[in-house]
Amino acid sequence: MANRVLRDWTDSDRINNLSAAAEILLLRILMTVDVKGKIKCHPKLLSSRCFPLRTISDKKIIAWLKELSDNDLIEFNCDGKTISLVRTNIGRQRLCKSKWAVLVKEVFARDNYTCRYCGKYGGKLECDHIIAFSNGGTDDLTNLATACKRCNRLKGNLSVESFLTLKLKK
Ligand SMILES: [Zn+2]
C-alpha cells in the first residue's frame with residue numbers, strides 16, 4: 001500500500017481532506033501529466049497508468065477525480081469516454097494571511113486608496129485579482145488591483161471586460 005506522501009510534503013487542507021485513494025491518484029497524475037499539466041485519455045487508460053497492478057472501475061476513477069476537483073486540486077472534463085485533465089492546481093496555494101496583508105497594503109498605496117473600477121476614494125477597500133485566482137490569475141502585483149467592496153463583490157471571478165459590461169447594465 002502506498003503511503004500518503006503528499007500529505008507529508010504539503011501543509012494544505014485541500015490535501016488533508018482527501019481520501020487515501022484520491023491522494024494516491026493525484027500523486028500518480030502529477031507524475032503522468034504532460035509538460036502543460038494535462039492528460040487526455042480514456043478512464044481505463046488512466047486507471048492502468050496510475051494503478052498498474054489493480055483493476056479499478058471507470059466509475060471509481062471518475063469519483064476520485066471528482067473528489068480532487070471538489071478540493072480545487074485539478075480541473076477535469078469527462079464525456080464518458082475520455083478524461084481531459086484541464087489543469088492541475090496543486091502548486092497554487094493561496095498566500096498565508098500575513099503575506100497577503102503585506103501585499104494588500106502595497107497595492108492600496110500604489111493605487112492611492114482608489115477603486116480602479118469606479119474611481120471611489122477610500123472607504124472599505126479590497127484587493128482584487130484582475131484575472132481571478134480561480135481562473136489561474138497570480139498574486140503578482142501586476143495582477144492585483146484596489147477595488148471598493150461593491151465593485152469587488154460584483155466582479156467576482158469575471159474578466160474585467162465582462163465585469164465592466166455588467167456594471168454598465170446595472
Ligand atoms: Zn468601485
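Find the residue count for the stretch 36-69, including only residues that are part of a loop (DSSP other than H, G, I, E, B) and touching a strand residue (DSSP E or B) at 6+ places or on another chain (Cβ under 8 Å).
3
Any idea how many residues of the stretch 125-170 are touching a Cys at 6+ places or on another chain (Cβ under 7 Å) and either within 25 Å of I74 (Cβ to Cβ) or surrounded by fewer than 15 Cβ atoms within 10 Å (Cβ to Cβ) (or both)? First the steps, then the outcome.
Applying the first criterion (touching a Cys at 6+ places or on another chain (Cβ under 7 Å)) to the stretch 125-170 yields 125, 144, 146-148, 151.
Restricting the remaining residues to those that are either within 25 Å of I74 (Cβ to Cβ) or surrounded by fewer than 15 Cβ atoms within 10 Å (Cβ to Cβ) (or both) gives none.
Counting residues in the stretch 125-170 that are touching a Cys at 6+ places or on another chain (Cβ under 7 Å) and either within 25 Å of I74 (Cβ to Cβ) or surrounded by fewer than 15 Cβ atoms within 10 Å (Cβ to Cβ) (or both) gives 0.
Please work out which one of (1) in contact with a Leu (Cβ under 9 Å, 6 or more places away or on another chain); (2) part of a loop (DSSP other than H, G, I, E, B) is the condition N112 fails and give its number.
(1)
Residue-by-condition table, conditions (1) of a type in the set (D, E, K, R); (2) at pLDDT 95 or above; (3) farther than 30 Å from K59 by Cα; (4) in the same structural domain as D58 (by TED's automatic domain parsing):
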site: K81; (1), (2), (3), (4): yes, no, no, yes
site: C115; (1), (2), (3), (4): no, yes, yes, no
site: G119; (1), (2), (3), (4): no, yes, yes, no
site: N135; (1), (2), (3), (4): no, no, no, no
site: R153; (1), (2), (3), (4): yes, no, yes, no
site: L164; (1), (2), (3), (4): no, no, yes, no
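Name the one entry in L45, L68, L53 that is of a type outside the set (D, E, K, R), at negative phi and buried (at least 17 other Cβ atoms within 10 Å of the Cβ).
After applying the criteria, what remains is L68.
Regarding the stretch 73-92, can at least one residue be identified that is away from the ligand (no atom under 13 Å from the Cβ), without any contact (Cβ under 8 Å) to a residue 60 or more places away in the chain and assigned to a helix (DSSP H, G or I)?
No, that holds for no residue.
For the stretch 115-170, give me each residue that is over 21 Å from L103 (Cα atoms) and in a loop (DSSP other than H, G, I, E, B).
C118, L158, S159, K170
State the number of residues belonging to the stretch 24-57 that are of a type outside the set (A, V, I, L, M, F, W, C) and touching a Cys at 6+ places or on another chain (Cβ under 9 Å). Full working, then the answer.
Filtering the stretch 24-57 for residues of a type outside the set (A, V, I, L, M, F, W, C) gives 28, 32, 34, 36-38, 40, 42-44, 47-49, 52, 54-55, 57.
Still in the list and also touching a Cys at 6+ places or on another chain (Cβ under 9 Å): 28, 32, 43, 49.
The qualifying residues number 4.
Name the one entry in L125, L144 that is outside the structural domain of E75 (by TED's automatic domain parsing) and within 14 Å of the ligand (Cβ to nearest atom).
L125
Specify the residue that is nearest to G123 (Cα to Cα); the eligible residues are those in the stretch 154-167 that are near the ligand (Cβ under 10 Å from one of its atoms) and more than 18 Å from the chain's Cα centre (by Cα).
Just the residues of the stretch 154-167 that are near the ligand (Cβ under 10 Å from one of its atoms), to begin with: 154-155, 167.
With more than 18 Å from the chain's Cα centre (by Cα) added as a condition, the list becomes 154, 167.
Values: L154: 17, K167: 20 Å.
Among those residues, the one meeting the criterion is L154.
The values are calculated or read from the model by the stated rules, or taken from the named source; none is laboratory data. Just so it is clear, the structure is predicted and the values come from calculations on it, not from any experiment. Cβ coordinates were reconstructed from backbone atoms using ideal geometry, including for glycine residues, and neighbour counts include every protein chain displayed.
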